[in-house]
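Q: Dropping the structure in here first, questions after.
The values are calculated or read from the model by the stated rules, or taken from the named source; none is laboratory data. These numbers were taken from a predicted model, which means no experiment stands behind them. When we count neighbours, we look across all protein chains shown, and the Cβ atoms used for this are built from the backbone with ideal geometry, even at glycine. Only protein heavy atoms, including side chains, enter the accessible area calculation; ligands, DNA and RNA are left aside. Shrake-Rupley method; radii C 1.70, N 1.55, O 1.52, S 1.80 Å.
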Amino acid sequence: ARFRNIDCWVSTMRASSLLPHLLLVQPWGSRAFSRTVAARRTRVPLSVRTSPSSTSLESYTMHESFAEELIDKYDGFILDQFGVLHNGLHALDGTIELLEYLAKNKNKKLIVLSNTSAPSEKCLEKLPKFGFERSHFVGAVTSGEEASKYILRTFGSGDGQRSKALMLTWDAEIEDNPRLTALPKAFVEKCGNIDIASTVEEADFLLVHGSEVWYRGDNADGEGEATSLGSFIETGSMTEVLEPLLQQCLSRNIPCVCANPDLIVQTPSGGKAYMPGNIAQRYQDMGGTVHWFGKPQAEHFLACLQSLDMPADRVCHVGDSLHHDIAGAVSAAIPSIFVASTGIHLSDFTSAKFGELPRKEELDDLIEKEGGNVPTHVIAAFRLASSQAN
């Protein structure tokens, strides 16, 4: 997170109890500081980027819905999208009413924090498609926005020869593609002097923006040309296209920028889709250098605190992934609400159907299995209780 003044940064760090761990001797904004942050992003693998919570499994509270006691406990909420607000095509039951209640009746400040590879403004522009009021949100922090800023600084700010990105992205030819928030061009335009590489040999870096196609740029007619990444999005298999492609990138030692670190998401039909984070993780496991953006990195949570202009103990993060949402909130020392039964972990429970609260024993087992990051609260779904709705 980039704060406009050091007093704001120190205040937020104190509120989140992170200052002792992040205190740096380098001057704020210096090259040494930038190298320290970059090194932290580069070296830490996705699977071990956060430490387990010291909170006891006995301490979290459980609620069928977004209870009044949760609403009154916090002044602001950081909201995940997929599995909390919508499924990629439609708003989940009760979410539209709850957002209106929080914003209008309770005067709560709301911000989106998403691992979408789209720019923040494109993320906000899509909210009305699901029936949400854009005015209910103070803004959005997306992994794509933060990744584009890094690319602009690192590759796209030069006045001389333009850098080229080998871009893995979403298939813009799929009608109503739930994973496509904005066209790949919209992302590239934010990255400065960047062109699209049509071959590995001419690429300066690997951009893992999506996991459906290899975008090779536009042809003479202005139409995008792309190569399918095979069955990866459905099966997670990399043997057809991705493994050879990553080997070629590694042979040239080009760095990778991951604009969406998600591993798996639930599809609107109830299935699973394999996401860009798996590709970047594989490249890192092969020995490649990867620059990660998005949850669970604490910087993005702290950027939300800055936008909300609130201390950490007055804000709560709401998400459906223990690996990304809850782990990230724990690392940023922000209270969290785990939405158990409308998102990615629904299939992990045998005791709950969609929108139902699972047994605590199953919750405890899953929390330990996913790294021991304990949420502050658990809810079945992001919705009002029937008494609140009436």
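Q: Given axes a ≥ b ≥ c from the Cα gyration tensor, I'd like to know whether segment 252-302 is rounded (a/c under 1.5), prolate (a/b larger than b/c) or oblate. Display every interim value, and only then the final one.
A: Values: a/c = 3.22, a/b = 1.37, b/c = 2.35.
It is oblate, given that a/c is not under 1.5 and a/b is not larger than b/c.
Q: What's the FRET efficiency of Asp195 with Arg252 using the Cβ-Cβ distance as r and R₀ = 22 Å, to the nearest 0.05?
A: Efficiency, from the Cβ-Cβ distance: 0.80.
Q: Run the reach check for Lys272 against aspartates and glutamates, Cα to Cα strictly under 13 Å, same-chain hits fewer than 8 apart removed. What comes back?
A: Glu234, Asp262, Asp348
Q: Going through segment 206-298, which GluC sites (Glu not before Pro) have at most 14 other Cβ atoms within 10 Å and a DSSP loop state? Display every interim value, and only then the final one.
A: Working: sites: Glu212, Glu223, Glu225, Glu234, Glu240; in loops: Glu212, Glu223, Glu240.
Passing both the DSSP loop test and the Cβ count: Glu223, Glu240.
Q: Over segment 125-263, what percent of the accessible surface lies on carbon and sulfur atoms, probe 1.4 Å?
A: Result for segment 125-263: 45 percent of the exposed heavy-atom area is carbon or sulfur.
Q: Can I ask one more? On average, how much accessible surface per residue is there in segment 255-390, in Å², for a 1.4 Å probe, leaving out ligands, DNA and RNA?
A: Result: 31 Å² per residue.
Q: Right, next: Apply the Karplus parameterisation 6.51 cos²θ - 1.76 cosθ + 1.60, with θ equal to phi minus 60°, to every residue of segment 198-211 and state each ³J(HN,Hα) to the nearest whole Hz, in sequence, with x for glycine and proline.
A: Ordered by residue, 3J(HN,Hα) equals 9, 9, 5, 4, 9, 7, 9, 7, 9, 10, 8, 9, x, 9 Hz.
Q: Show me, for segment 139-149, the HN-Hα J-couplings you get by feeding each phi into the Karplus relation (A = 6.51, B = -1.76, C = 1.60, θ = phi - 60°), rounded to Hz, glycine and proline as x.
A: x, 8, 10, 10, 5, x, 4, 5, 5, 5, 5
Q: Through the Karplus equation 6.51 cos²θ - 1.76 cosθ + 1.60, θ set to phi - 60°, convert the phi angles of segment 221-235 into ³J(HN,Hα) values in whole Hz; use x for Gly and Pro.
A: Taking θ as phi minus 60°, the curve returns 8, x, 9, x, 10, 8, 10, 5, 8, x, 8, 4, 4, 8, 10 Hz for segment 221-235.
Q: Another question, if that's okay. Non-local amide H neighbours of Asp262 (under 5 Å, H modeled in plane, Pro and chain starts lacking H): which ones?
A: Close amide H contacts, sequence-distant or interchain: Gly277.
Q: Enumerate the amide H contacts of Gly139 below 5 Å, restricted to partners 5 or more residues apart or on another chain; note that Pro and chain-start residues carry no placed amide H.
A: Under 5 Å from the amide H of Gly139 lie the amide H atoms of Val112, each far enough along the sequence or on another chain.
Q: Are there GluC sites (Glu not before Pro) in segment 330-367 that DSSP puts in a loop and that have at most 15 other Cβ atoms within 10 Å, and which ones?
A: Passing sites in segment 330-367 are Glu356.
Q: How would you rank 315-322, 257-264, highest first, on the average number of other Cβ atoms within 10 Å across their residues?
A: My ranking of the peptides, most packed first, is 315-322, 257-264.
Q: Rounded to the nearest 5, what is the percent of antiparallel bridges among the DSSP beta bridges in segment 236-384?
A: 25 percent
Q: Over segment 175-219, give the accessible area per residue in Å² for a 1.4 Å probe, as an integer.
A: 38 Å²
Q: Let me ask something else. Using packing as a proxy for protection, rank 61-70, 345-354, 161-170, 176-185 so that the peptide with the highest average count of other Cβ atoms within 10 Å comes first.
A: Top of the packing list down: 161-170, 176-185, 61-70, 345-354.
Q: Related question: Amide H to amide H, which residues 5 or more places from Met167 or on other chains are under 5 Å from it, using H placed in the peptide plane?
A: Ala197, Leu207, Tyr215
Q: Considering only segment 69-176, what is the antiparallel percent among its DSSP beta bridges, to the nearest 5? Write out the running numbers ahead of the final one.
A: Details: 1 of 11 bridges.
Roughly 10 percent of the DSSP beta bridges within segment 69-176 come out antiparallel.
Q: Past 24 Å, Cα to Cα: identify those pairs from Lys73/Lys122; Lys164/Lys295; Lys129/Lys369; Lys108/Lys360; Lys295/Lys369; Lys106/Lys360, in the order given.
A: Checking Cα-Cα distances, Lys73/Lys122; Lys164/Lys295; Lys129/Lys369; Lys108/Lys360; Lys106/Lys360 exceed 24 Å.
Q: May I pose another question? May I ask you to order 124-131, 331-338 by the average number of other C-beta atoms within 10 Å around their residues, highest value first? Don't skip to the answer; put the middle values down first.
A: Details: 124-131: 16.0, 331-338: 25.2.
Highest to lowest by the protection proxy: 331-338, 124-131.
Q: Could you tell me the center-to-center distance, by alpha carbons, between segment 218-296 and segment 150-209 in angstrom?
A: Each part reduced to its Cα centre gives a spacing of 13 Å.
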